[in-house]
Amino acid sequence: MNFEFLQALAEIEKEKNIPKEQLLEAAEAALISAYKRNFGSSQNVTAHIDRNTGKVEVIARKEVVEEIEDKTLEISLEEARKIDANYEVGDVVEFEVTPANFGRIAAQTAKQVVVQRIREAERGIIFDEFSDREGDIITGVVQRYSNNNIMIDLGKTEAILVQPEQMPTDKYKPGDRIKLFIVEVKQTTKGPRILVSRTHPGLLKRLFELEVPEIQEGTVEIKAVTREAGYRSKISVYSRDENVDPVGACVGQKGMRVQAIVDEIGGEKIDIVEWSPDPTVYVANALSPAKAVSVQIEEKEKVAKVVVPDYQLSLAIGKEGQNARLAAKLTGWRIDIKSESQSDEEAKLIEPTAEGEVMLDEEKEEDPSS
């Protein structure tokens with residue numbers, strides 16, 4: 001330990017933004033453990049590194065007592081007054097007990113502590129940086145596969161793209177640059193663990209925020225997003241300015257804005273619909289590209305009964321019910337879809353009586369009074 005060691009700590013303080021005093025205090029604490037470990041001492045000792053020269057001293061501390069019970073921790077009043085006549089019972093006497101060969105041990109111990117503290121500080125800096133970005137979008141480089149997970153290089157650290165967060169339609173190759181959504185940042189004993197996603201609805205939302213200036217400015221607001229990642233998604237938008245078309249703003253001239261997002265997420269189809277405070281309008285919009293003939297809302301059951309043209313029934317429902325399922329998730333309503341002919345058939349089964357009651361046709365035929 002010498003002056004060069006102190007200079008090295010000063011450089012670390014500048015480069016790593018780790019206070020020099022913190023490193024010295026950590027080194028002193030480690031030196032106490034090293035002294036006790038190497039010299040088998042149970043004494044009450046402290047270690048001190050001179051802030052000007054780097055010299056290391058180990059100091060034993062003993063309490064002044066009238067009768068000694070533990071020689072490693074206590075000194076008699078008589079012995080203490082041989083050192084200084086002013087000592088009284090209860091005072092603490094300090095002795096330097098630095099071993100002759102302690103310099104090498106001290107240097108090695110201090111180096112290990114400083115390296116460890118640098119690692120901890122760097123991990124802390126990375127954790128603070130990325131924990132503030134939870135829910136944000138980031139660009140990373142595909143590095144390697146680890147089992148079914150993919151390790152993503154973020155520059156200062158790695159992120160983990162676990163299999164459930166990978167899009168089924170994506171093909172990842174080392175060196176590929178991809179955009180990811182930061183789901184969670186955890187502090188672990190091995191450093192920050194950053195979980196990212198390609199399937200999270202937040203990825204789509206952030207991509208639109210990056211691509212559409214009207215969203216950045218606050219003129220257009222994203223109300224809801226739902227995805228079946230890699231296949232189809234729906235996003236509802238609203239304009240605070242009646243002169244701005246929210247859907248048109250997101251689509252962009254000749255579809256350029258939405259196409260850039262589609263390209264980023266591997267060709268996933270995106271339906272952009274206009275949000276409305278009126279659930280009948282909102283549900284109808286959410287079923288795009290199908291056009292609804294009518295929407296009947298049942299508030300209590302939270303059900304929306306929708307009628308569509310016969311030729312659009314399959315379009316409204318979608319492949320394996322995908323379009324209807326996404327529309328339901330987007331709006332929060334359970335959607336019951338029927339074609340016009342199905343709706344007409346149901347209507348024919350019900351006729352009003354003279355008294356205004358409703359009677360099924362079958363019941364009417366059985367009634368001898370009719």
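Any read-out appearing in this document is the output of simple, stated calculations on the displayed coordinates, not a laboratory observation. This is a predicted model, so every value here is computed, not measured. Because the Cβ atoms are built from the backbone with ideal geometry, glycine has one as well, and the counts that use them run over all protein chains shown.
Using a Förster distance of 35 Å, how high is the FRET efficiency between Glu120 and Asp245, based on the Cβ-Cβ distance and rounded to 0.05? That pair, Glu120 with Asp245, gives E of 0.10. Other residues within the sphere of radius under 12 Å centred on the Cβ of Ile150, judged by their own Cβ, net out at -1 (K and R +1, D and E -1). Averaging the sequence gap over all C-alpha pairs within less than 8 Å and six or more residues apart, then dividing by the number of residues, gives the chain a relative contact order of 8 percent. Annotation: amide H-H contacts under 5 Å for Met167 (H modelled 1.01 Å from N, sequence separation of 5 or more, or interchain): Arg198. The sum of -39500 (n - 2.57) across all DSSP H runs of n ≥ 4, divided by the residue count of the chain, sets its helix-only mean residue ellipticity at 222 nm to -11500 deg cm²/dmol. The Cβ shell under 15 Å around Gly255 holds other residues with a net charge of -3, Lys and Arg each +1, Asp and Glu each -1. Phi-derived couplings, Karplus 6.51 cos²θ - 1.76 cosθ + 1.60 at θ = phi - 60°, listed residue by residue for the stretch 166-182: 8, 6, x, 8, 6, 10, 9, 10, x, x, 5, 9, 9, 8, 9, 9, 7 Hz, with x used for Gly and Pro.
Kirkwood-type hydrodynamic radius, the stretch 134-215: 13.1 Å, calculated from all non-identical alpha-carbon pairs. Taking the convex hull of the alpha carbon positions in the stretch 209-275 and averaging its projected area over all directions gives 4.1 nm².
For Thr331, Thr139, what's the fewest-to-most ordering of other Cβ within 10 Å of each Cβ?
Thr139, Thr331
Taking the Cα centre of the stretch 133-197 as reference, the dipole from Cβ charges on Lys and Arg (+1) and Asp and Glu (-1) amounts to some 180 debye.
Between the residues Pro246, Pro279, Gly267, the greatest Cα displacement towards the positive end of the dipole of the stretch 228-300, with unit charges on the Cβ of Lys, Arg, Asp and Glu, is found for Gly267. Of the trypsin sites (Lys or Arg not before Pro) found in the stretch 198-241, the ones in coil according to DSSP and having at most 14 other Cβ atoms within 10 Å of their Cβ are Arg240.
Between amide H atoms placed 1.01 Å from N, distances below 5 Å from Ile337 occur with Val306, all of them 5 or more places distant or on a separate chain.
Measuring from centroid to centroid over Cα atoms, what is the spacing of the stretch 31-94 and the stretch 297-322 in Å? Between the Cα centre of the stretch 31-94 and that of the stretch 297-322, the gap is 84 Å.
Identify, among Ile118, Val212, Thr199, the residue whose Cα sits farthest towards the positive end of the charge dipole of the stretch 110-265, taking +1 on the Cβ of Lys and Arg and -1 on the Cβ of Asp and Glu, with the dipole about the Cα centre. After comparing all options, I get Ile118.
Based on Cα atoms of the chain, Rg over Rh with Rh as the Kirkwood radius reads 1.33. Only Lys, Arg, Asp and Glu carry charge here, each on its Cβ (+1 for the first two, -1 for the last two); on that basis the chain has a dipole of about 2240 debye about its Cα centre.
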